[in-house]
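Inspection log for the structure reproduced underneath, given as structure tokens.
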Number of protein chains: 4
Amino acid sequence: MGITLKQAQTAVQAAHEKALEMGVKMNIAVVDAGANLVAFIRMDDAWLGSLDISIKKAKTARFFDMPTGAIGGLSQPGGPLFGIEHSNGGLISFPGGIPIKGDGGLVMGAIGVSGSTVEDDHAVAEAGQLAIEGKR
Amino acid sequence: MGITLKQAQTAVQAAHEKALEMGVKMNIAVVDAGANLVAFIRMDDAWLGSLDISIKKAKTARFFDMPTGAIGGLSQPGGPLFGIEHSNGGLISFPGGIPIKGDGGLVMGAIGVSGSTVEDDHAVAEAGQLAIEGKR
Amino acid sequence: MGITLKQAQTAVQAAHEKALEMGVKMNIAVVDAGANLVAFIRMDDAWLGSLDISIKKAKTARFFDMPTGAIGGLSQPGGPLFGIEHSNGGLISFPGGIPIKGDGGLVMGAIGVSGSTVEDDHAVAEAGQLAIEGKR
Amino acid sequence: MGITLKQAQTAVQAAHEKALEMGVKMNIAVVDAGANLVAFIRMDDAWLGSLDISIKKAKTARFFDMPTGAIGGLSQPGGPLFGIEHSNGGLISFPGGIPIKGDGGLVMGAIGVSGSTVEDDHAVAEAGQLAIEGKR
């Protein structure tokens, strides 16, 4: 099903280090190609409500193989995917979820981060993604 | 786990008295630091649909350690958190939920009120909050 | 819808006092004739998992107008109501939930208690019930 | 909120090492005092259905501050807690979930493991528990 535990832990650790460096408290989740959780951490005193959001961001990014913010661009009122968040037990369509690709460009999982601004969330998720994709 | 039952009951009673004084019929909920219910009352003839809303407001305020209305300001169409209400089994992002802080400023719980206008809901929740925070 | 907030609070307080007297830590819930929550308290350090159980016991007792333990007697393997717990979003069919009757014997609500043995739970619920029914 | 991320990761790692030593493929979850997830890993090729079970075991152990198997002993047909699994969004009442106590004996979280026999699940969970409790 794609990403290994070792890879997922590498992504989580890189994201964790980025969060510590930025001084933000994050929930960090990695799912595999089946959109099922592989690794997760919640930093001390991170927002409790971000636990579910981080997992939903990772799932959403894998469900559609695109960054979560891209879906949000399409799900605004009047947009083509308005209301898509009602599917799949609840999607999150703002930034912080990013697919992780393996050799050959196939999506093998995704990372979702929540706990600060959406810009911070995305930056921390990207650190996790690059720890894997940069090593291909 | 933060707020004690005695503190939660003090907050509920203060909010209840404020609601009686204002002539409004409220559902009043207090959760602890884990976002789990500690005390709840529904006033006679209060809106039945506000039962769930009051509890969700209290949880939402604790999930993100801010008043629920602040989240609603960010979750409008085009805003950075559009659609966040789909997380955590359903958030409520309009006013009426307020975190309750303990000594040292740590959030130890939250109060959620629903049954009238959002302005009234917030005023009643604030009465509950201040009954605890004013006694520090 | 039956029981008033004042009556519900009387029941909760009587149950709370009984629990303190017995040295047990309880979750105590009262619902009205519509099986909707009217008053709730969780004592400090009471089992967290008993929060949901106390509310489900109160609802179950009102759903069928009988003590929850009576339903459990019918829902055992081979019994006529085997599996009934799957309905209504989850029933609890062991003791600790008791209907509360008003003048004329009509059920006007129910009390549910959870946090100790089922015998203790039932005894504390009964203290709440009698605080109302004994005053008719 | 009890257990820290560092402690949770120590427990997960100890359980992971035990699982590798035993040659079993596990899902390992740690929750805090509020029964909210702090850390999670799923080993490569571990049963997918055990993901949810491991988290529910950790939550169940914290909900009632006892090993999950102890609840199962009481929830059998004819037992006092028959059907308790229907509460709290689904409990798991067979072995593999164990509370984790902090200084003074207070429960500060729990670990849940799923992926093999219940004996194996319990043994791996215990390795995680002892990595924390043995360091007090």
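The values are calculated or read from the model by the stated rules, or taken from the named source; none is laboratory data. It should be emphasised that the depicted structure is a prediction, and the values quoted were computed from it without experimental measurement. Glycine gets a Cβ as well: all are built from the backbone with ideal geometry, and neighbour counts include every protein chain shown. Just so you know, the surface numbers come from the protein's heavy atoms only, side chains and all, with ligands and any DNA or RNA stripped out. Shrake-Rupley method; radii C 1.70, N 1.55, O 1.52, S 1.80 Å.
Quick notes on this one:
- Evaluating A:H86 against the criteria (1) free of Cβ contacts under 8 Å to residues at least 60 places away in the same chain; (2) facing chain B (nearest Cβ under 9 Å); (3) open to solvent by less than 30 Å² (accessible area, probe 1.4 Å) leaves one unmet condition, (3).
- Top-ranked residue in the range B:52-65 [being at the interface with chain A (Cβ under 9 Å from one of its Cβ atoms) and not polar (S, T, N, Q); ranked as nearest to B:R42 (Cα to Cα)]: B:K59
- Hey, B:G69 modelled with pLDDT under 95, surrounded by fewer than 24 Cβ atoms within 10 Å (Cβ to Cβ) and more than 8 Å from every other protein chain (Cβ to nearest Cβ) or not: no
- The range A:25-48, residues that are touching a residue at least 40 places away in the same chain (Cβ under 8 Å), within 30 Å of B:D32 (Cβ to Cβ) and either within 14 Å of chain B (Cβ to nearest Cβ) or open to solvent by 10 Å² or more (accessible area, probe 1.4 Å) (or both): A:K25, A:M26, A:N27, A:A29, A:M43, A:A46, A:W47
- From the options D:V118, D:V124, residue that is in contact with a strand residue (DSSP E or B) (Cβ under 6 Å, 6 or more places away or on another chain), at pLDDT 95 or above and not small (G, A, S): D:V124
- Test for D:P99: is it buried (at least 19 other Cβ atoms within 10 Å of the Cβ), outside any loop (DSSP other than H, G, I, E, B), without any contact (Cβ under 8 Å) to a residue 60 or more places away in the chain and not aliphatic (A, V, I, L, M): yes
- Total residues in the range D:103-136 satisfying the condition of being outside any helix (DSSP H, G or I), open to solvent by 30 Å² or more (accessible area, probe 1.4 Å) and under 18 Å from D:Q9 (Cα atoms): the figure is 3.
- Among the conditions (1) in a helix (DSSP H, G or I); (2) open to solvent by less than 40 Å² (accessible area, probe 1.4 Å); (3) free of Cβ contacts under 8 Å to residues at least 40 places away in the same chain; (4) polar (S, T, N, Q), D:S93 misses just one, which is (1).
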